[in-house]
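Below: one structure in structure tokens.
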Amino acid sequence: MSSGNKRVVILGGGTAGWIAANLMAKHWEQAGFDITLVESPNIGIIGVGEGSTPPLKEFMDVIDVKEEEWMHECNATYKVGIRFNDWSVKPGFNTYFHPFYSKCDDHTIPAFFHNSFLIRKGVDLEGLPDHFFLGAQLAEKKLAPLPPENFPFETSYGYHFDSGLLGKFLAKVAARRGVKYVQATVNQVLLDDVGNVDCLKTEEGETIKADLYVDSTGFKGQIMQQTLKVPFLDFGQSLFNDAAVVLPTPQGDNPRCQTTSTAMKYGWRWDIPLTHRVGNGYVYSSRFCDADKAETELRETLGLLDSDVEARHLKFKVGRVENHWVKNCLAVGLSQGFIEPLEATALDMVQETVVRFIEAYNKGDYSQADRDAFNERISGRFDAVRDYIVAHFRIVSRTDTDYWRACGSNEKISDSLRQILTSWVQGRNITQELESQKLDVYFPNISWNCLLTGKGIYPEKSQLRPGNEKAHKYKMADIKKFIHGCSLNYPSHKARLAELAKAS
Ligand SMILES: Cc1cc2nc3c(=O)[nH]c(=O)nc-3n(C[C@H](O)[C@H](O)[C@H](O)COP(=O)(O)OP(=O)(O)OC[C@H]3O[C@@H](n4cnc5c(N)ncnc54)[C@H](O)[C@@H]3O)c2cc1C
């Protein structure tokens, strides 16, 4: 990378902007870059996005922040996976758990794959993911994913947190690393002769100039979409949801360590446990349900019909920009695209975008080939996440509303997803399919297996035969005992949260 005081301006102080600021400040600490984050005092952040995947822990490790420092301050809890309720009407499959990976699972994964493969060949075996993974036990028993040192089997985990507080916390960490903060509303983005961003003009009369601009202005995509006119590729044909209604409920003194996703009449709702409240949001399709109807259904479900707790309504567009790095601008966060939050992948995408960008930028020649390779990589990730989320809706067995009937019969899915689903129902090993499409790096085989088995994409029970001894080579009682034994090493979630509160 060429050294010198390169100036970087990050426009937008939502979670995306602050993650970008921290990663850039850390990675470019020695390079002497001058980093400024500009945030409007008048335009708020989106204020949702409170569940993460395991890479958020890596992010905190990279920027040298310990759990003791941030978790209590951001009302955070641990997340060991997601429970999906009411997505399937198939008997025995109305609920399943998708865990984050634990090293202990290496002992039980062969049994899970063996069983799920043979069930598809017509053998009657246990095939629900809940029975094979430690994460499901940790969630059920409310255990924190932090075993003692003498139990050296690492367990991946994510977090739930208050997004407003996390932004404020990350702003403090960035300031410690020298990131400057300016409060101003940008009302003009000017380009130079060759189409690079030349400067930002603010309502307050300032001109802000940089070598590199990061657009993290949320859904409006002020630089990338509005000024550089980078096309937005709409995913609405395969993902129908475009709105959400959000309502908090009180938290007890023993929060869960899982996100819960429950299918509703026209979409699904999240339940995200923080230490001080539970975040609830109903993600639905405005084509099938209006805002009032969605709010009433959510209130009914949460027992809040007579409550005066105010609901927040949000609209969103699903899709991504055609390119994420264009000229001297990088789009990060909602400004680069959004896929509905069923797997809480948005912040992971932010991290991946920034980390890969830094790698590419560090090469120093900023060639079109570097940009193309970077854009292809990030777009590939978006499309792979989209397909995994689309699969949730495409394989659904609910037919109780026109919404679910439309989801289950939607033929506007990618060829890649079609091949995976075909491979599964034809009883083939989808590992090969995922590897040949190079998709296993985004959602690994195990995630696809959890999704498909959890939703009961198996032959009907009446079509299954008992199977011989070889088919029953893994004994469920042994697996249960093993997982139970492993779980005894984990502390209670409640106790760990109390420890964090005390340490802060
Ligand atoms: C319903 C819903 C649920 C979600 N759930 C999850 C989840 O569980 N997990 C997850 O990882 N993600 C989730 N997300 C996504 C997540 O909310 C976002 O990825 C995350 O909050 C980052 O947002 P952002 O920083 O890109 O945008 P925002 O939070 O909208 O921030 C935009 C920033 O830009 C600034 N700005 C805008 N225009 C200007 C201007 N002209 N001048 C100066 N400043 C400006 C604003 O002041 C603000 O600071 C969810 C999103 C939605 C819609």
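Rule-based calculations on the coordinates, nothing more; no lab input. As the structure is a prediction and not an experimental result, all values here were calculated from the model. Because the Cβ atoms are built from the backbone with ideal geometry, glycine has one as well, and the counts that use them run over all protein chains shown.
Considering the dipole of the chain built from charges on the beta carbon (Lys and Arg +1, Asp and Glu -1) around the Cα centre, which of Ser116, Ala20, Asn489 is farthest to its positive end?
The listed residue farthest towards the positive side: Ser116.
Could you give the nm distance between label points at Ala291 and Asn429, where each point is 7 Å from its Cα heading toward the beta carbon?
Reported label-point gap for Ala291 and Asn429 is 5.2 nm.
Right, next: What pairs from Lys57/Lys79; Lys90/Lys412; Lys103/Lys502 go past 20 Å between their alpha carbons?
Working: Lys57/Lys79 11 Å; Lys90/Lys412 24 Å; Lys103/Lys502 30 Å.
With Cα atoms farther than 20 Å apart: Lys90/Lys412; Lys103/Lys502.
Quick one: if the Förster radius is 22 Å, what FRET efficiency do Leu191 and Lys315 give, using the C-beta to C-beta distance and rounding to 0.05?
Values: r = 29 Å, r/R0 = 1.33.
For Leu191 and Lys315, the calculated efficiency is 0.15.
Given the DSSP H assignment, sum -39500 (n - 2.57) over each helix run of at least 4 residues in the chain and divide by its residue total; what's the result at 222 nm in deg cm²/dmol, nearest 500? Please report the intermediate quantities before stating the final value.
Values: 15 runs with 172 residues, N = 504.
Calculated from helices alone, the mean residue ellipticity at 222 nm is -10500 deg cm²/dmol.
Additional query: Between Glu300 and Arg405, what is the FRET efficiency for a Förster distance of 25 Å, r being their Cβ-Cβ separation, to the nearest 0.05? Intermediate results must be reported in sequence, preceding the final value.
Details: r = 22 Å, r/R0 = 0.88.
Plugging the Cβ-Cβ distance into 1/(1 + (r/R0)^6) gives 0.70.
Please give the contour-minus-distance gain from Arg377 to Tyr181: 0.36 nm per residue of separation, less the Cα-Cα distance, rounded to one decimal in nm.
Working: separation 196, 0.36 × 196 = 70.56 nm, distance 3.06 nm.
Gain on extension, Arg377 to Tyr181, equals 67.5 nm.
As I understand it, the dipole of region 243-315 uses +1 on the Cβ of Lys and Arg and -1 on the Cβ of Asp and Glu, about the Cα centre. Which of Leu304, Ser261, Gly279 lies farthest toward its positive end?
Checked the options; the winner is Ser261.
Can you compute the modelled spin-label distance between Thr95 and Asp211, with each label point 7 Å from Cα toward Cβ, in nm?
For Thr95 paired with Asp211, the spin-label model returns 5.5 nm.
Figure the gain on full extension for Ser436 and Ala503 (residue separation times 0.36 nm, minus the Cα-Cα span) and round it to one decimal in nm. Let's see the in-between values first.
Details: separation 67, 0.36 × 67 = 24.12 nm, distance 4.78 nm.
In short, 19.3 nm is gained.
Oh, and also: Can you tell me the length gained on complete extension of the stretch His276 to Leu233, counting 0.36 nm per residue apart and subtracting the Cα distance? Numbers along the way, then the final one.
Details: separation 43, 0.36 × 43 = 15.48 nm, distance 3.80 nm.
So the chain would gain 11.7 nm between His276 and Leu233.
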